[in-house]
């Protein structure tokens, strides 16, 4: 495959900057989070936002959809939500005398699934095919989802009563797991001023057409990765499988996710090639939800982030 040209990388960086500036109308700070959302979009991946209520998760999803001119759908997950409430259903139209399909909210380009862990496992599994295959099969008929397609799922990591934790197989479908965190004092004051009159979401306009985004998604796959950097990436992922605190390490899907996100980050930074720093910067958001720690490690308060940082410190990054 021919490596992407410097001109196209420059175009990707400029377009991404315009999207980030537009999203910044509604989201104060969080530049790194917005960049990671763009990385997920360029890789056609999905994002799990894990944070307490009120930190701007829904606003971020709406702002991103507005800046890209994409259709936006929001699904509030509750224990009584049915799979058909997500995917849609076929019903009999008495006037026409035939069955018709009524599309569910999953047929959007940017879909926010709010508090995904409050739905039953049966409803959660309705997302699996959509997230992986980008299709929905109902009554034996497979229907394609619109492109680009991004699922942004949220869950509250604190309030766990009445929730159904996501199984490992479904967690692995998410490209990134992120946490927005609280704003700084200066950022919080800016939020108050910005939302004093009206919501800035109404002022956001599309700056990157969906058709152009589809083209960029193809082009970032041509960002160069040298054998040395590729070997370093694989060593990091394989180290998670042999770490004493890890019961189940990252799978080859994790390696592929880290590879593709590193390509996207390099393009966003205006480079035609991946640096070890790209791999290091993305190791935690890509791998932290793919590690199952041992019971002893959890009892000691050990988290996946600490394990990943230890691995990054132990395996020297290549110098070219």
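Test residue 157 against the criterion of being under 30 Å from residue 81 (Cα atoms) and either in contact (Cβ under 8 Å) with a residue 24 or more places away in the chain or part of a loop (DSSP other than H, G, I, E, B) (or both), and give yes or no. Taking the combined requirement at face value, the residue satisfies it. Residues in segment 119-137: is at least one in a loop (DSSP other than H, G, I, E, B), buried (at least 23 other Cβ atoms within 10 Å of the Cβ), in contact with a strand residue (DSSP E or B) (Cβ under 7 Å, 6 or more places away or on another chain) and touching a residue at least 12 places away in the same chain (Cβ under 8 Å)? No, there is no match, as no residue in segment 119-137 is in a loop (DSSP other than H, G, I, E, B), buried (at least 23 other Cβ atoms within 10 Å of the Cβ), in contact with a strand residue (DSSP E or B) (Cβ under 7 Å, 6 or more places away or on another chain) and touching a residue at least 12 places away in the same chain (Cβ under 8 Å).
Could you tell me whether segment 98-116 includes any residue that is touching a residue at least 60 places away in the same chain (Cβ under 8 Å), under 20 Å from the mean Cα position of the chain (by Cα), under 24 Å from residue 195 (Cα atoms) and buried (at least 19 other Cβ atoms within 10 Å of the Cβ)? No, segment 98-116 contains no residue that is touching a residue at least 60 places away in the same chain (Cβ under 8 Å), under 20 Å from the mean Cα position of the chain (by Cα), under 24 Å from residue 195 (Cα atoms) and buried (at least 19 other Cβ atoms within 10 Å of the Cβ).
For segment 188-197, a tally of residues being outside any loop (DSSP other than H, G, I, E, B) and surrounded by 12 or more Cβ atoms within 10 Å (Cβ to Cβ) returns 5. Contact map, segment 296-314: residues that are touching a residue at least 40 places away in the same chain (Cβ under 8 Å) and at negative phi paired with residues that are assigned to a helix (DSSP H, G or I) and surrounded by fewer than 20 Cβ atoms within 10 Å (Cβ to Cβ), Cβ distance under 6 Å, separation 6+ or inter-chain. Pairs shown: 308/284; 311/239; 312/280. In segment 168-187, the residue that is surrounded by the most Cβ atoms within 10 Å (Cβ to Cβ) out of those that are touching a strand residue (DSSP E or B) at 6+ places or on another chain (Cβ under 9 Å) and not in a strand (DSSP E or B) is 175.
Can you pull out the residues in segment 24-35 that are more than 14 Å from residue 268 (Cβ to Cβ) and under 16 Å from the mean Cα position of the chain (by Cα)? Once the filter is applied, which keeps residues that are more than 14 Å from residue 268 (Cβ to Cβ) and under 16 Å from the mean Cα position of the chain (by Cα), segment 24-35 yields only 30. Taking the stated definitions as given, is residue 143 assigned to a loop (DSSP other than H, G, I, E, B) and at pLDDT 85 or above? Spelling it out, it is not the case that residue 143 is assigned to a loop (DSSP other than H, G, I, E, B) and at pLDDT 85 or above. Going by the conditions given, is residue 146 exposed (fewer than 12 other Cβ atoms within 10 Å of the Cβ) and closer than 30 Å to residue 125 by Cα? Here the answer is no, as residue 146 does not meet what is asked.
Taking segment 198-251 as the search range and keeping residues that are part of a loop (DSSP other than H, G, I, E, B) and at pLDDT below 85, which one is farthest from residue 282 (Cα to Cα)? Looking at the filtered set, the residue picked out is 198.
The values are calculated or read from the model by the stated rules, or taken from the named source; none is laboratory data. For clarity, every value in this text was computed on a predicted model and none was experimentally measured. When we count neighbours, we look across all protein chains shown, and the Cβ atoms used for this are built from the backbone with ideal geometry, even at glycine.
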